[in-house]
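Right, one structure below, let's go through it.
The values are calculated or read from the model by the stated rules, or taken from the named source; none is laboratory data. Treat the numbers as computed from the prediction; the structure is a model and nothing was measured. Glycine gets a Cβ as well: all are built from the backbone with ideal geometry, and neighbour counts include every protein chain shown. We work out accessible area using only protein heavy atoms, side chains counted, and drop any ligands, DNA or RNA first. Shrake-Rupley method; radii C 1.70, N 1.55, O 1.52, S 1.80 Å.
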Amino acid sequence: MGTTTVEPGAATPGPKTNRIGLTVMDYKGGKTTLCAGCGHNAISERIIESMYEMGVQPELLIKPSGIGCSSKTPAYFMSRSHSFNAVHGRMPSVATGAMLANRKLVCIGVSGDGDTASIGIGQFVHLMRRNLPIIYIIEDNGVYGLTKGQFSATADLGSKLKSGVLNDLPPIDTCALAIQLGATLVGRSFSGDKRQLGAMLKAAIAHKGTVMLDVVSPCVTFNDHEGSTKSYKYVKEHEETLQDVSFVPHFEDIDVEYDPGTTTEVTMHDGSRLRLRKLEEDYDPTDKIRAITRLTEAHDKGEVLTGVFYVNPEAPNFIDMLNVVDQPLATLPDSMTRPGKEVLDAVMEELR
Amino acid sequence: MATTDVVPRESTGGPGHKRIVNDMSIQVATVNGSGSQSSNTVLLRSIFQMGVPVSGKNMFPSNIAGLPTWYTIRANKNGYIGRKKEIDFLVAMNPETAVEDTMSLAPGAAVLYDEPLALHKLRDDLIFYSVPYDKLVAAVCPEAKLRKLVKNMVYVGVVASLLTVEMAEVEKAIRKQFATKMKAANLNLAAAQAGFDYAKANLQKRGAFYIERMNATAGKIIIDGNSAAALGCMFAGCTVVTWYPITPSSSLVETMIEYMKEYRIGPDGKATFAIVQAEDELAAIGMVIGAGWAGARSMTATAGPGISLMSEFAGLAYYVEVPGVIWDIQRVGPSTGLPTRTSQGDILSTAFLSHGDTKNIMLFPCSVTECFSMAPEAFNLAEQFQTLVFVMSDLDLGMNNWMSDPFEYPTTPINRGKVLSKEDLDRLGGFARYKDVDGDGIGYRTLPGTIHPAAAYFSRGSGHNEKAQYSERADDFENNMERLNRKFETARSFVPRPEITKGNNAKIGIIGYGTSHWGITESRDQLRDEYHLETDYLRLRAYPFTREVHEFVEQHDRIYLVEQNRDAQMLTLLKLDLKPELTTRLRSIAHITGLPLDARSITDELTSMEGK
């Protein structure tokens, strides 16, 4: 995997470190309090691995989240990063504010399907259209866990609750929505797919724009039964994978041959390469309309479609569009934020 | 040409009968969207340039174009710039309201009207002047489509002539108003001149009101409170502004955008600020909190409905302890209420905005000067106390033009509060975010992006202990809430102190705040001059209430708390703070009509309660 081994300085070999000299332990979080087997825990592990492997400075990462089981998870990865467990459905605005304050930060926003698709849909859609540099992850299990198993707005039509109640409303496809609204890297994965999710997270870290990853993450307590469309069993039986996703970080000079006929290679903003070996003919991840059509087909067929649906590494991001100075606004010196007396004098003169 | 529509009667003051100099209110009734704002501003400025203290109040509809709007200019040699109830001179430009406006005048007032309206038939106890506007404007404005906009400038010239405002000052004001548009300036000047000349030649001055040159405005500026606040925020070092348009706060941010674009561009041509129009007020305050958490000086501006929407986030900021400044340009509620009218109706809801035991710091600017000076104070307090600070302005202050001394450059340094740097962490080894190290209830924080293994902490709106760890323990919760209370108590000694003005051996105290100040100061003179009633006056400038407020109540037999809402909100808030035996001294003069509170209403109510 994408790590380089630093020569240990001492006589005894030290632990393996990444390109900025940190061990994987430097990326760990607190002990999880979620249910054993919860898909969310697997996602936290993938985040730790990918951040470690990409050599992200933990102190430059921020982890805003909303409310719910998913939004608790920032406590379980990367304790050396600032977290902000905010209010229900409003993580996008908090994340936006923080990124305005300090453009040097890397932001991973963790949300759930309730936190995003119901109470948070307003802020979600506006976040997507701004193309703010953020990795937005929906840990999607189709139910409200903390309030004991009510349907969320991503629950599929006809999916069954433990109590036997059937969902009679269609789901909101957060990926289709994100693509339509302007997110620039959009995909769906499965918490149990180590390899795909890991590669997508690394591409997300390399991307400078809004990344929206919907990660189907079964709730072992409230939504893993027969009749649920978000159970481990259902996802395994119905998953359709668009591509075989792999990622070559910019700091690795390994160059594996690939066939341009069967593989789409996308060069990310930092020079990293996202490789998508087509498992479906003619899928073009830069074609928005095709992406939305394919997602609609998947719903009709009852498929759980995964892969990178859409990517555009070139679109201008929100911070660049605002034309703010390169230094973080948060720590600008007073001399740059309080104009001199002559400015006030000039304004007063105009008002006389 | 009919110039004398009503035979002048002795009682209405013939020429030389009575002379009232530099003390009058002029009301201009127009249709919104007709360019009347420019004409009104020119008239206001012309009087100001004559050296006469003046204020302008716009009473406008919640509408784009076509509905009635009234602009009141008060000129007063004593410097009273609050609203005056009585209208002395009506400029009736709006056919829809002309009859009602005329009928509501007190005897002796003057009416200037468009000739076809024939208002002179309505009453015989007023002074009427008629002007054939369409004829005059056609002569100076060949382009028919511009006539509607220029027509209003004609009345400026007529009023100038009738009230003896010098035409040279009108010209100067027009040149200033249309500084960058030479053609528009010339056209408007021609219109004003046509009005002036017409009046000189055809109208016989009969009213008692005169503007005469004096020297009470030299060096002064004219500005609205929202622009003053925008300037204040720029000089406060604000770096992140988020907003959602809402009357009457929008112009604060819009003006700020203009100023910041001009004066806050770094050497590389890039902005030292970010201003973002959010999707709603929830997002606006969420962004303020995110930015404040990450170390920016962040703010938003809103009005009552926005404040209501911000409630949940306000509690988060209180409990997570994040700085931010919220400008509330208060308008009339409940609900949508009267969006274009003024009030002081958000006091109680803002003090305790959010669920649980949330308490918020509030500042109460009364003038454009304070809109400016309280901005850096608000940002300093927010960062010192790691909490939201609400600046409670209102529509009257925010959107109307006020005369003021020029603002003084802020001398208080920018205070970023207790923020630990990497070097601090090297020295300390670590920190506990919510530990009361200094005994003032204020913990130390770090900013994201501080490269130190011990820098990070977990911010959460759920229960937490000193180390910012999740906790549902009863003792952790209670200790934390007590510390937050200690922090609020500390704030009492740091917020702006009240302004106290003493009368002569007064037994009665008046407490007021915000724009009620202007009615109160004038009312105190009325009470002294007309009723020989001495009063002391305390003007609140902040919540939590400082020591001086309690002392003031203790020193007086009766306290009248004057405010612009129905339910005596500030009085209620003060009651919670006072010793129980003192609360009986409080009496309420609470008025809300949507119009700025006038002195006479205060005087009448106070004297009636005093049995006078």
A:Cys38, sole failed condition from (1) more than 14 Å from every other protein chain (Cβ to nearest Cβ); (2) under 16 Å from the mean Cα position of the chain (by Cα): (2)
Which one of these does B:Val42 not meet: (1) open to solvent by less than 10 Å² (accessible area, probe 1.4 Å); (2) among the β-branched types (Val, Ile, Thr); (3) in a strand (DSSP E or B)? (3)
Is at least one residue of the range B:356-365 among the acidic types (Asp, Glu) and either open to solvent by 20 Å² or more (accessible area, probe 1.4 Å) or in contact with a Pro (Cβ under 7 Å, 6 or more places away or on another chain) (or both)? yes
Which one of the conditions (1) open to solvent by 50 Å² or more (accessible area, probe 1.4 Å); (2) assigned to a loop (DSSP other than H, G, I, E, B) does A:Glu252 fail to meet, given that it meets all the rest? (1)
Go through the range B:395-434 and report how many residues are outside any loop (DSSP other than H, G, I, E, B) and open to solvent by less than 80 Å² (accessible area, probe 1.4 Å). 12
Can you tell me which of A:Pro15, A:Pro64 is surrounded by fewer than 23 Cβ atoms within 10 Å (Cβ to Cβ) and more than 23 Å from A:Phe222 (Cβ to Cβ)? A:Pro15
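Just checking: which of the strands (runs of 3 or more DSSP E) contained wholly in the range B:77-150 hold 2 or more residues that are at pLDDT below 95 and touching a Ser or Thr at 6+ places or on another chain (Cβ under 7 Å)?
No strands (runs of 3 or more DSSP E) qualify here.
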How many of the residues in the range A:122-158 are hydrophobic (A, V, I, L, M, F, W, C), open to solvent by less than 10 Å² (accessible area, probe 1.4 Å) and assigned to a helix (DSSP H, G or I)? 3
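Residues are listed down the side, and each one gets a yes or a no for (1) under 30 Å from B:Glu321 (Cα atoms); (2) open to solvent by 10 Å² or more (accessible area, probe 1.4 Å):
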| residue | (1), (2) |
| --- | --- |
| B:Phe494 | yes, yes |
| B:Pro498 | yes, yes |
| B:Gly503 | no, yes |
| B:Ile511 | no, no |
| B:His517 | no, yes |
| B:His532 | no, yes |
| B:Thr535 | no, no |
| B:Glu548 | yes, yes |
| B:Leu573 | yes, no |
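Here's the yes/no breakdown for (1) of a type in the set (A, V, I, L, M, F, W, C); (2) closer than 21 Å to B:Tyr129 by Cα; (3) outside the structural domain of B:Leu44 (by TED's automatic domain parsing); (4) open to solvent by 60 Å² or more (accessible area, probe 1.4 Å):
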{"residue": "B:Ile174", "(1), (2), (3), (4)": "yes, no, no, no"}
{"residue": "B:Phe178", "(1), (2), (3), (4)": "yes, no, no, no"}
{"residue": "B:Ala199", "(1), (2), (3), (4)": "yes, yes, no, no"}
{"residue": "B:Leu203", "(1), (2), (3), (4)": "yes, yes, no, no"}
{"residue": "B:Arg206", "(1), (2), (3), (4)": "no, yes, no, no"}
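When only residues in the range A:97-118 that are in contact (Cβ under 8 Å) with a residue 40 or more places away in the chain and at the interface with chain B (Cβ under 7 Å from one of its Cβ atoms) count, which is farthest from B:Gly449 (Cα to Cα)?
Across the range A:97-118, the extreme among qualifying residues is A:Leu100.
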Can you pull out the residues in the range B:293-319 that are facing chain A (nearest Cβ under 7 Å) and either of a type in the set (Gly, Ala, Ser) or surrounded by fewer than 24 Cβ atoms within 10 Å (Cβ to Cβ) (or both)? B:Ala294, B:Gly295, B:Ala296, B:Ser298, B:Glu312
List every residue pair whose Cβ atoms sit under 7 Å apart, with the two residues 6 or more apart in sequence or on different chains, where the first one lies in the range A:61-77 and is facing chain B (nearest Cβ under 9 Å) and the second, anywhere, is open to solvent by 10 Å² or more (accessible area, probe 1.4 Å) and of a type in the set (Gly, Ala, Ser). A:Ala75/A:Gly29; A:Ala75/A:Gly30
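May I ask you to verify whether A:Asp259 is more than 9 Å from chain B (Cβ to nearest Cβ) and open to solvent by 30 Å² or more (accessible area, probe 1.4 Å)?
yes
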Total residues in the range B:225-280, condition in a strand (DSSP E or B) and more than 10 Å from chain A (Cβ to nearest Cβ): 2
Number of the exception - A:Ile119 against (1) of a type in the set (A, V, I, L, M, F, W, C); (2) assigned to a loop (DSSP other than H, G, I, E, B); (3) more than 24 Å from B:Val276 (Cα to Cα): (3)
Among the residues of the range A:308-334, which ones are over 19 Å from B:Tyr259 (Cα atoms) and either among the hydrophobic types (A, V, I, L, M, F, W, C) or at the interface with chain B (Cβ under 8 Å from one of its Cβ atoms) (or both)? A:Val308, A:Phe309, A:Val311, A:Ala315, A:Phe318, A:Ile319, A:Met321, A:Asp326, A:Pro328, A:Ala330, A:Thr331
Mind checking which residues of the range A:279-300 are open to solvent by 50 Å² or more (accessible area, probe 1.4 Å) and in contact (Cβ under 8 Å) with a residue 60 or more places away in the chain? A:Lys288, A:Ile292, A:Thr296, A:His299
Take the residues in the range A:91-106 that are assigned to a helix (DSSP H, G or I) and β-branched (Val, Ile, Thr), then tell me which one is farthest from A:Leu132 (Cα to Cα). A:Val94
The lone condition A:Thr337 fails out of (1) of a type in the set (Ser, Thr, Tyr); (2) within 14 Å of chain B (Cβ to nearest Cβ); (3) in contact with a strand residue (DSSP E or B) (Cβ under 6 Å, 6 or more places away or on another chain) is (3)
Can you tell me which residue in the range B:435-453 is nearest to the other protein chains (Cβ to nearest Cβ), limited to those that are open to solvent by 30 Å² or more (accessible area, probe 1.4 Å) and in contact with a helix residue (DSSP H, G or I) (Cβ under 7 Å, 6 or more places away or on another chain)? B:Ile451
Taking the options A:Leu322, A:Leu276, A:Leu329, A:Leu344, name whichever one is crowded, with 19+ Cβ neighbours inside 10 Å and in contact (Cβ under 8 Å) with a residue 40 or more places away in the chain. A:Leu329
Can you find even one residue in the range B:521-535 that is at positive phi, more than 22 Å from the chain's Cα centre (by Cα) and not assigned by TED's automatic domain parsing to the domain that holds B:Arg341? yes
Taking the range B:413-434 and keeping only residues that are out of contact with any Lys or Arg (no Cβ under 8 Å at 6 or more places or on another chain) and more than 14 Å from B:Glu383 (Cα to Cα), one is left with B:Ser421, B:Lys422, B:Glu423, B:Asp424, B:Leu425, B:Asp426, B:Arg427, B:Leu428, B:Gly429, B:Gly430, B:Phe431
